[in-house]
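J.: My structure is below; once you've seen it, I'll send some questions.
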Amino acid sequence: MAKPVRVQEPVALHAADIGLTPRRLVGMTLSVGLGLIFVLGMIGGIMKAAQGNLIQLQPGTFYALLTLHGAGMISTVVLLTAVALWYVLHDHLSLRPDMLVFSVVAIVWGLVAATVAVLVGGFGPAWTFLYPLPFMGTWPSWSTGLFFFGVLFVGVGFAIFCFDLMAGIIRTYGSIWNGLAWDTWIPRLRRPDGKVAPPSVIAASMVAIDGLITVAAGSVLVVALLAHWFSPKFPIDPLWIKNLTFFFGHTIANLAIYVSAGVIYYILPKYTGRAFHTNKVYALSWAISLFFVPWAWPHHLYMDFVQAPWLQVGGEASTYIATIPATVVTIFGSLLLVYRSDMRWRPGSTLFLAGILGWLVGGVAAMLDATIPFNAVLHNTLWVPAHFHTYLLGGVFLFVLGFTSYFVGERQTPGRLVKAIEWTFFTGLVGFLLMFYAGGIEGVPRREAVQPPPGPILADIATGFVAILLVGLVAMLIEFWVRAKRNAANGEAEGL
Amino acid sequence: MRALQRAWPLALGLLVAIDLLGPLAFGAAAPPLALHHLEHAFLLVSGGLFAMAYVRRRPKPYGDPLWILAVIGLGTLSLVLMLPDVYGIVDAEPVLHTLLHVGFLVIGWLGGYAAERYAPKLGFGWQLLVIVMGVITATGFGSGPPVA
Ligand code: HEM
Ligand SMILES: [Cu+2]
């Protein structure tokens, strides 16, 4: 990796002032975040069990849990991927630990607020809180307001992260355009020392810019909803707010993948001994994602006949244009990196490669759904949670686990126990996802406490797979923990 | 080119001054909502540009994290002030309305200043935030079918 070129002396980091080294800070955040994922995964299992009539849940409780699971998982995954990217770039870009503390605290506060709104207040219009549902349910008004404040805090936390990332990139490469490696195309931008941003920094630059755009949209959304909550006279156009909701919700969830790509670019080479190198293709692909990712949201509104046709068509086109180039260069680049290399197999590399597979499969399934004729059939069926669980749970989350394993330190080759844990986890994961896809093909609707057949029987089978998945996950987390303690005692840090 | 680089603050200042005269000249007749939001965004952006030019001539060392919290707080404040219900209170009074517009200019300036104090050129991030918020508010913030 290129040595950072300091435009100016970096400020003295206040890490010591707050008594936290970057490693401890990231380790703590990973522990909290992974614990949260486990609990939210249990809630997912409870929902499946209820859909399969294995347990009884009041519909209100089901929808509250659905809301908590969706909002909680998305926020936690954003937090975890952000922390991973922060960790791999913090030295290179002189990112500041104290800023990370602010952003973690804000996101965790947001999560706490949302949890209280759901568990105490029973707030349950799903994590997309589509207007006017949040104002019409059986839950008390305070829970609606509290949930929106929670969303605001998650947005603020992400904005802090993006700002510091942007500051670090500009500090190290002179401008955000150089961070995007546009100097590979535009000679005028070239730096006198010839330094070009590595791919992980290109991804980070795209995330910082699109992240701020997303948060700006989210803040308009939340302020409008809070204004309406405060004074019901405040008018809201339902179509406008639906567009805005998905501008924010879709894009922030989508960005988790681009954040992960930055982590992949940095970590995968550690296992293969070859690096990703910036070239014009990377710069162009990421520039395309930068411009088109914020325009993909209308694919959530294909069924809204009042939506302007240009948005429908534009949304479909943008979805393809935004996704394909960066996905292809990353997946293809990763395969080239691995192909005939002296790949060193560790839990981390297994998880990263499995995650790339999940990203690919989920991405293809998502594109199908974002194609209007298919959407006419698949809209609102279990196909939707099928594809996004494939690339969030079977993609992004695996990258987070892979990063954690790398972070903990992987000097020993894994033994049989680790293999067994991996097999358990992946068996549960694949089975769980397949049941989702099967439900989608059968036209079982998503987001229903009570499903028509064959929903319940598929849910029964899925519940079994979820149990296997969660056992595998717990075992994996315990193994990480034990390994972390042992490596710390031996004075070994991350890597292999 | 040089001349242009030196002249832009003057030209922008002139535009801002003309804009500030708007409420005084047209009285209580506010522009359509979308245009009005864009006008506020224009004032915010102009303020930010002035701040960036100001700080660039006096570069400061790296700043405190609180500068970023200030940026985020100012962004939120500007949105609250953009609520038609809030600025509706002053719309009828040309002088108050003008003062609010000066307020937007000042918030824009402070936001740009705070961002630049955190790290040079970060004013770019603030401007991005303000422009996106302005454009999105113009598409329908505070307008909608009457509520029963
Ligand atoms: C650990 C295993 C997980 C299990 C067992 C699980 C289970 C479920 C179930 C049963 C649903 C309801 C589907 C329906 O009938 O509509 C659901 C929805 C959802 N899940 Fe998961 N999930 C898991 C992991 C994740 C992860 C890692 C994420 C994101 C990063 C995630 C995000 C979501 C979202 C956004 C929804 C949609 C909520 C809504 O419709 O409002 N899940 N999940
Ligand atoms: Cu005004």
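J.: Mind running the shape call on region B:36-138? Use the C-alpha gyration tensor, a ≥ b ≥ c as the square roots of the eigenvalues: rounded below 1.5 for a/c, prolate if a/b tops b/c, oblate otherwise.
T.: In terms of gyration-tensor shape, prolate.
J.: Now a separate question. So, by mean Cβ neighbours within 10 angstrom, what's the order for A:463-476, B:125-138 with the highest one leading?
T.: B:125-138, A:463-476
J.: How high is the relative contact order of region A:22-489, in percent, counting Cα pairs under 8 Å that sit 6 or more residues apart?
T.: 16
J.: What distance in nm lies between label points placed 7 Å from Cα along the C-beta direction at B:LEU99 and B:THR139?
T.: The two pseudo-label positions are separated by 3.5 nm.
J.: What ranking do A:344-351, A:387-394 get when scored by the average of other Cβ atoms within 10 Å per residue, highest first?
T.: A:387-394, A:344-351
J.: Say R0 is 30 Å: what FRET efficiency, to the nearest 0.05, do A:ILE372 and A:PHE332 get from their beta-carbon distance?
T.: It comes to 0.60.
J.: Other chains' Cβ within 10 Å of A:228-239 residues: what's the mean?
T.: Taking all residues of A:228-239 together, the mean is 4.
J.: List the chymotrypsin sites (Phe, Trp or Tyr not before Pro) in region A:69-169 that DSSP assigns to loop (not H, G, I, E or B) and whose Cβ has at most 10 other Cβ atoms within 10 Å. Which are they?
T.: Sparse-neighbourhood loop chymotrypsin sites (Phe, Trp or Tyr not before Pro): none present.
J.: Separate question: Give me the accessible area per residue for the protein assembly as shown, probe 1.4 Å, as a whole number in Å².
T.: Accessible area per residue, the protein assembly as shown: 41 Å².
J.: Roughly how much accessible area, to the nearest 100 Å², goes out of reach of solvent when A and B pair up, both sides summed, probe 1.4 Å?
T.: Accessible area lost upon association: around 3200 Å².
J.: At a 1.4 Å probe, which residues in region A:159-200 are at least 20 Å² less accessible with all protein chains present than in their chain isolated?
T.: By number: A:ILE160, A:PHE163, A:MET166, A:ALA167, A:ILE170, A:ARG171, A:GLY174, A:TRP177.
J.: Dipole of chain A, Cα-centred, from +1 at each Lys and Arg C-beta and -1 at each Asp and Glu C-beta, to the nearest 20 debye?
T.: 1060
J.: I want to verify the translational diffusion coefficient of region A:120-214 in µm²/s; compute it with Stokes-Einstein, Rh as the Kirkwood radius over Cα pairs, at 25 °C and 0.890 mPa s.
T.: Approximately 154 µm²/s, per Stokes-Einstein.
J.: If you don't mind, there's one more thing I want to ask. HN-Hα J couplings of region A:217-223 from phi, Karplus 6.51/-1.76/1.60, θ = phi - 60°, integer Hz, Gly and Pro as x?
T.: 3J(HN,Hα) across region A:217-223, in whole Hz: 4, x, 6, 4, 4, 5, 5.
J.: Please report, as a whole percent, how much of the solvent-accessible surface of the protein assembly as shown comes from carbon and sulfur atoms (probe radius 1.4 Å).
T.: Taking all protein chains in place, the protein assembly as shown shows 73 percent carbon and sulfur surface.
J.: Next up: Spelling out what I want: for every residue of region A:71-77, take phi, set θ = phi - 60°, compute 6.51 cos²θ - 1.76 cosθ + 1.60 (Karplus), and round to whole Hz; glycine and proline get x.
T.: Using θ = phi - 60°, the values come out as 5, x, 5, 4, 5, 5, 5 Hz.
J.: Next question, about the same structure. Once phi is turned into θ = phi - 60°, what whole-Hz ³J(HN,Hα) does the Karplus curve with 6.51, -1.76 and 1.60 give for every residue of region A:334-340, x standing for Gly and Pro?
T.: 5, 5, 4, 5, 8, 4, 6
J.: Going through region A:349-424, which trypsin sites (Lys or Arg not before Pro) have at most 16 other Cβ atoms within 10 Å and a DSSP loop state?
T.: A:ARG411
J.: Provide a whole-number value for the mean count of partner chain Cβ atoms within 10 Å of the Cβ atoms in peptide A:208-216.
T.: 4
J.: If you don't mind, another one. Which pairs in the list A:LYS242/A:LYS280; A:LYS280/B:LYS121; A:LYS195/A:LYS270; A:LYS48/A:LYS485; A:LYS270/A:LYS485; A:LYS270/A:LYS419 are over 27 Å apart, alpha-carbon to alpha-carbon?
T.: Flagged as over cut-off: A:LYS242/A:LYS280; A:LYS48/A:LYS485.
J.: Per-residue ellipticity at 222 nm for chain A, helices alone: DSSP H runs ≥ 4 residues times -39500 (n - 2.57), over residue total, nearest 500 deg cm²/dmol?
T.: Computed mean residue ellipticity for chain A: -24000 deg cm²/dmol.
J.: With r defined as the distance between the Cβ atoms of A:TYR339 and A:TRP423 and R0 fixed at 35 Å, what FRET efficiency is calculated, to the nearest 0.05?
T.: Once the sixth-power term is evaluated, E becomes 0.90.
J.: In nm, to one decimal, how far is the A:MET42 label point from the A:VAL306 one, both placed 7 Å along Cα→Cβ?
T.: 4.3
J.: Tell me, what is the FRET efficiency for A:LEU357 and A:ALA467 to the nearest 0.05, using R0 = 22 angstrom and their Cβ-Cβ distance as r?
T.: Approximately 0.45, to the nearest 0.05.
J.: Give me the distance in nm between label points sitting 7 Å out from Cα along the Cα-to-Cβ direction at A:SER231 and A:LEU54, one decimal.
T.: About 5.1 nm, to one decimal.
J.: Mind ranking B:12-21, A:24-33 by how tightly packed they are, going by the mean number of other C-beta atoms within 10 angstrom, highest first?
T.: Descending mean neighbour count gives A:24-33, B:12-21.
J.: Given the convex hull over the Cα atoms of the protein assembly as shown, what projected area results after averaging over all orientations, in nm²?
T.: Taking the Cα atoms of the protein assembly as shown, their convex hull projects to 29.3 nm² on average.
The values are calculated or read from the model by the stated rules, or taken from the named source; none is laboratory data. Predicted model only: the values in this text are computed from it and were never measured. Reconstructed Cβ throughout: ideal geometry from the backbone, glycine too, with neighbour counts over all protein chains shown. These accessible areas exclude ligands, DNA and RNA; they are computed on the full protein's heavy atoms, side chains included. Shrake-Rupley method; radii C 1.70, N 1.55, O 1.52, S 1.80 Å.
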